[in-house]
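Beneath this line is the structure, given in structure tokens, with notes to follow.
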Amino acid sequence: MTERIRFYQTGSFAVGNRLLDPAQRAVQSSPQRANALTCGHRACQGCGEALGARYAIDAALRASGGDLIAANATGCLEVFSTPYPESSWQLPWIHSLFGNAPAVATGIAAALRAKGNAHTRVVGQGGDGGTVDIGFACLSGMFERGDDVLYICYDNEGYMNTGVQRSGATPPAARTATTQAVGPEPGAPWGQGKSAPLIALAHEIPYVATATIADLRDLEAKVTRAMALHGPRYIHILVTCPLGWGAVSHDSVRLARLAAESGLFPVFEGAEGDVTAVTKIRHRVPVEAYLERQRRFAHLFAPERRDDVIARIQARADRNIQRFGLL
Ligand SMILES: Cc1ncc(C[n+]2csc(CCOP(=O)(O)OP(=O)(O)O)c2C)c(N)n1
Ligand code: SF4
Ligand SMILES: [Mg+2]
């Protein structure tokens, strides 16, 4: 007797599982999706930020019934999507400065409230530099005042728009234009930087989540959950940058997956100050599998291997795995 195995074809993640029950299908499976960030933009081939933004804002548009305004910080996402006088955005969208997207979003939400408009929703968005560094005071203020804004950070771990400089989200040992691979501790220094999602959580706001472009269904689901709530909400998405990371374009999704599966980027949800859910690692990989595919870490493998630095990075991943219970 042999047991029969049944396979269910649901379509790939890329096409949004369009053979599933309609209620379970992804936003991207629908021909009626918003195409929030449509064709014609100038992002590099394989840009994780373009992919993440498209999925996130399409999901937010569906959740709001198309009634959504976005405020965007300066950065690659703004520059590649809106070369004057063109725009790839299919929703009301405003850019002001590098450091004030949360404050602009707050202002829009306040203006809507003053006008008695309780239906239009507001999203703020920016890169890790705009969010974790220069815009952080505005973001913290937005959180503690309880403003009705969903803020999304697209974290590519550096100031990519201006030529790949280090940010507060750049990982230790990574080579950037301002952290060269020289000296006994090459690349970005150890003991600097910050975890924006954990600091957001410490504000005890209604919703905080991390996500990656390797799990786009999860990203859509988190945006949808965030949009069902009011008050300040924060989603931090790891987005790969082939140019800044020195990776091949077709590795973008793979690298995001390796970041999560190695434990270097913990994927979790939280609310009111507590972590409420984590995405478990399905196939644990050593950090080396992630590092060796990126030229920003090439100095750890040649001209001689830096096993000491690789072990230190592994210890960071192990700490995340233990701290968030990722296995
Ligand atoms: C006050 C100010 N300082 C510096 C700049 C130059 N600048 C524009 S975008 C940017 C970096 C953006 O990095 P990030 O927010 O991480 O977005 P990315 O390009 O990586 O997506 C910098 C330094 C600026 N526009 N305004
Ligand atoms: S530099 Fe990086 S973030 Fe900017 S468009 Fe290119 S791949 Fe995207
Ligand atoms: Mg960046």
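Each value in this text was obtained by applying a stated rule to the coordinates, not by laboratory testing. Quick caveat, the model's predicted, so the values are computed rather than measured. Please note: Cβ atoms are built from the backbone with ideal geometry, for glycine as well, and neighbour counts cover all protein chains shown.
Given springs between every Cα pair under 10 Å in a Gaussian network model of the chain, which of Pro83, Pro186, Pro172 has the largest fluctuation?
Among Pro83, Pro186, Pro172, the largest GNM mean-square fluctuation belongs to Pro83.
Could I have the simple spin-label model distance between Glu272 and Ala298, label points 7 Å from Cα toward Cβ, reported in nm to one decimal?
5.1
Once fully extended, how much extra length lies between Ser87 and Ala118, figured as 0.36 nm per residue of separation less the alpha-carbon to alpha-carbon distance?
Details: separation 31, 0.36 × 31 = 11.16 nm, distance 2.73 nm.
Fully extending the segment from Ser87 to Ala118 adds 8.4 nm.
Please list the non-local residues whose amide H lies under 5 Å from the amide H of Ile94, H modeled 1.01 Å from N, same-chain partners needing a gap of 5 or more.
For Ile94, the qualifying residues are Ala70, Ala71, Asn72.
Normalising by the residue count of the chain, find the relative contact order in percent from Cα pairs under 8 Å and 6+ residues apart.
15
Taking the chain on its own, what percent of its Cα-Cα pair distances exceed 38 Å?
Working: 7069 of 53301 pairs.
Tail of the P(r) past 38 Å holds 13 percent of the pairs.
Based on alpha-carbon centroids, what's the gap between the range 143-203 and the range 296-327 in Å, whole number please?
About 17 Å separates the Cα centre of the range 143-203 from the one of the range 296-327.
Where does the charge balance sit around Glu49 when Lys and Arg score +1, Asp and Glu -1, over other residues with C-beta under 13 Å from its C-beta?
Summing Lys/Arg as +1 and Asp/Glu as -1 gives -2.
Within the range 104-145, what residues put their amide N at less than 17 Å from the label point 7 Å along the Cα-to-Cβ vector of Lys194?
Output list for this probe position: 126-145.
Provide Phe136, Phe98, Phe297 in ascending order of the number of other Cβ atoms located within 10 Å of each residue's Cβ, fewest first.
Ascending number of Cβ neighbours within 10 Å: Phe136, Phe98, Phe297.
Please give the calculated 222 nm ellipticity per residue for the chain, where each DSSP H segment of at least 4 residues contributes -39500 (n - 2.57) and the sum is spread over every residue; nearest 500 deg cm²/dmol?
-9500 deg cm²/dmol
Using Cβ counts within 10 Å as a stand-in for footprinting exposure, how do Phe301, Phe268, Phe80 rank, fewest first?
Ordered from fewest to most neighbouring Cβ atoms within 10 Å, Phe301, Phe268, Phe80 come out as Phe301, Phe80, Phe268.
Which far-off residues, 5 or more places away or on another chain, put their amide H under 5 Å from the one on Asn161, with H placed in the peptide plane?
Cys76
Taking +1 at the Cβ of each Lys and Arg and -1 at the Cβ of each Asp and Glu, which of Pro242, Ala211, Leu327 sits farthest along the dipole of the range 189-327 towards its positive end, judged by Cα position relative to the Cα centre?
About the Cα centre, the residue reaching furthest to the positive side is Pro242.
Fewest first, what order do Thr276, Thr74 take by the number of other Cβ atoms within 10 Å?
Arranged by neighbour count, lowest to highest, Thr276, Thr74 become Thr276, Thr74.
Enumerate the amide H contacts of Tyr234 below 5 Å, restricted to partners 5 or more residues apart or on another chain; note that Pro and chain-start residues carry no placed amide H.
Tyr151, Tyr207, Val208, Ala209
Provide the per-residue ³J(HN,Hα) series for the range 158-171, in order, calculated from phi with Karplus coefficients 6.51, -1.76, 1.60 and θ = phi - 60°, each as a whole number of Hz, with x at glycine and proline positions.
Listing the rounded values in order: x, 7, 7, 4, 9, x, 6, 9, 5, 10, x, 10, 5, x Hz.
Below 28 Å, Cα to Cα, which lysines can Lys115 reach? Residues fewer than 8 away in the same chain don't count.
none
Go through the range 162-260 and name the chymotrypsin sites (Phe, Trp or Tyr not before Pro) that are in a DSSP coil and have 16 or fewer other Cβ atoms within 10 Å of their Cβ.
When the chymotrypsin sites (Phe, Trp or Tyr not before Pro) of the range 162-260 are filtered for loop state and at most 16 Cβ neighbours within 10 Å, Trp190 remain.
What residue among Ala59, Ala110, Ala271 has the largest mean-square fluctuation in a Gaussian network model of the chain, using Cα springs under 10 Å?
Ala110
Residue by residue through the range 277-293, what is 3J(HN,Hα) from phi via Karplus (6.51 cos²θ - 1.76 cosθ + 1.60, θ = phi - 60°)? Round to whole Hz and write x for glycine and proline.
7, 10, 8, 5, 6, 8, 10, 5, 10, x, 4, 4, 4, 7, 5, 5, 8
Running a GNM on the chain with Cα contacts under 10 Å, which residue among Ile205, Ile152, Ile213 ends up with the highest mean-square fluctuation?
Looking only at Ile205, Ile152, Ile213, the largest GNM fluctuation is found for Ile205.
Starting at the first residue of the range 303-316, write each ³J(HN,Hα) from the Karplus equation 6.51 cos²θ - 1.76 cosθ + 1.60 with θ = phi - 60°, in whole Hz, x for Gly and Pro.
Whole-Hz 3J(HN,Hα) from phi for the range 303-316: x, 9, 5, 9, 4, 5, 6, 4, 5, 5, 5, 4, 5, 4.
Tell me, which longest segment in the chain has none of the GluC sites (Glu not before Pro) that fall in DSSP loops with at most 11 further Cβ atoms within 10 Å?
With a cap of 11 other Cβ atoms within 10 Å, the longest stretch comes to 87-303.
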